[in-house]
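Below: one structure, written as structure tokens.
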């Protein structure tokens, strides 16, 4: 399904398992494909998309399955499926010579996409504060985070994820730092994106970035 208003295109792409992925496709030129972090949506990159689309780039971003305006399936909230979903978006929109930009979980998604689908359609990849191959602490990965840290996230999501997203917006934007200038609008945008994510994706995605491999 495709809807067009002027040069602003939105629609959905259906994956092999029947999941509808919402996407936005703005501008003309070399494509820049954005992959957002947890628990956000394509809206997290709107400022960057508008800036680049205004300067001769085609900017594409989708809501990861379970997030934003995409379908909320119970299954598929794992890094391999996220990467395959990205491949479906890229191939369906016939994207080539793309610059991929991934933040946090989206960075892991971009890396896994390249690992599974190759670089035939990829010009460059930009990983911003991307999740590492393994975040979980172990003997082999002593610098990782303990399991308790991820369990706390899961507990908070199940207990009151609305309040959790509000609280998480503070450290996410560095608003917990001394003398930080806090924007309530930015906080509300973060909360809105987070609360649109379904509970299954909000919960299961933690395991996906806990140990992506």
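For labels at residue 180 and residue 50 in the simple 7 Å Cα→Cβ model, what's the distance in nm?
Result for the modelled spin labels: 2.3 nm.
Between the helical axis of 199-210 and the dominant principal axis of the chain, each derived from Cα atoms, what acute angle in degrees is found, rounded to the nearest 10?
Relative to the chain, helix 199-210 is tipped by roughly 80 degrees.
Hey, what does the equivalent ellipsoid look like for the range 54-108, semi-axes from the Cα gyration tensor as sqrt of 5 times each eigenvalue, largest first, whole Å? It would help to have the intermediate numbers written out before the result.
Values: eigenvalues 93, 29, 27 Å².
After scaling each eigenvalue by five and taking roots: 22, 12, 12 Å.
Helix 147-172: angle to the longest alpha-carbon principal axis of the chain, degrees 0 to 90, nearest 10?
The helix 147-172 is inclined about 60 degrees to the chain.
Only Cα pairs within less than 10 Å get springs; with that Gaussian network setup on the chain, which residue of 112, 65, 121 has the largest fluctuation?
With Cα springs under 10 Å in the chain, the top fluctuation among 112, 65, 121 is at 121.
Report which label in [x] 42, 35, 34; [y] 70, 42, 33; [z] 45, 39, 30 holds the value of Cα extents along the principal axes in Å derived from the coordinates of this structure.
Answer by label: [z].
How much length would be gained if the chain were fully extended between residue 154 and residue 140, taking 0.36 nm per residue of separation minus their Cα-Cα distance, in nm to one decimal?
2.6 nm
Could you state the angle between the C-alpha long axis of helix 79-92 and the longest principal axis of the C-alpha atoms of the chain, as a value from 0 to 90 degrees rounded to the nearest 10?
Helix 79-92 sits at roughly 20 degrees to that axis.
Calculate for the chain the 222 nm mean residue ellipticity that helices alone would give, adding -39,500 (n - 2.57) per DSSP H run of length 4 or more and normalising by residue count, nearest 500 deg cm²/dmol. Intermediate results must be reported in sequence, preceding the final value.
Details: 6 runs with 86 residues, N = 213.
Theoretical 222 nm ellipticity from helices: -13000 deg cm²/dmol.
Can you tell me the relative contact order of the range 137-213? Whole percent, Cα pairs under 8 Å, sequence separation 6 or more. If you can, show how the numbers build up before the last one.
On the way: 41 pairs, mean separation 25.7, N = 77.
Relative contact order for the range 137-213 comes out at 33 percent.
I want to verify a result. In a Gaussian network model of the chain, Cα cutoff 10 Å, which of these has the top mean-square fluctuation: 11, 185, 66?
Checking each option, the largest mean-square fluctuation is seen for 185.
Checking the a/c ratio against 1.5 first, then a/b against b/c, what shape does the Cα gyration tensor give for the range 136-213? Display every interim value, and only then the final one.
Details: a/c = 2.54, a/b = 1.43, b/c = 1.77.
Note, shape of the range 136-213 comes out oblate.
Considering only DSSP beta bridges where both residues belong to the range 14-108, give the percentage that are antiparallel (nearest 5).
Values: 5 of 14 bridges.
Expressed as a percentage, antiparallel bridges in the range 14-108 total about 35.
Could you identify which residue out of 103, 67, 117 has the top mean-square fluctuation in a GNM of the chain using Cα springs shorter than 10 Å?
117
So for the range 107-173, averaging the separation of alpha carbon pairs under 8 Å that are six or more residues apart and normalising by length, what relative contact order in percent results?
Details: 29 pairs, mean separation 13.7, N = 67.
The value is 20 percent.
Which percent, to the nearest 5, of DSSP beta bridges fully inside the chain are antiparallel?
Working: 15 of 31 bridges.
The antiparallel proportion sits near 50 percent.
Please compute the length gained on full extension between residue 167 and residue 120, using 0.36 nm multiplied by the number of residues separating them and subtracting their Cα-Cα distance. It would help to have the intermediate numbers written out before the result.
On the way: separation 47, 0.36 × 47 = 16.92 nm, distance 4.09 nm.
Here the segment from residue 167 to residue 120 would lengthen by 12.8 nm.
Taken together, the values in this text are just the output of simple stated rules run on the coordinates, not laboratory data. Fair warning: this is a prediction, and the values are worked out from it, not measured in the lab. A quick note on method: Cβ atoms are made from the backbone with ideal geometry, for glycine too, and the neighbour counts reach across all protein chains shown.
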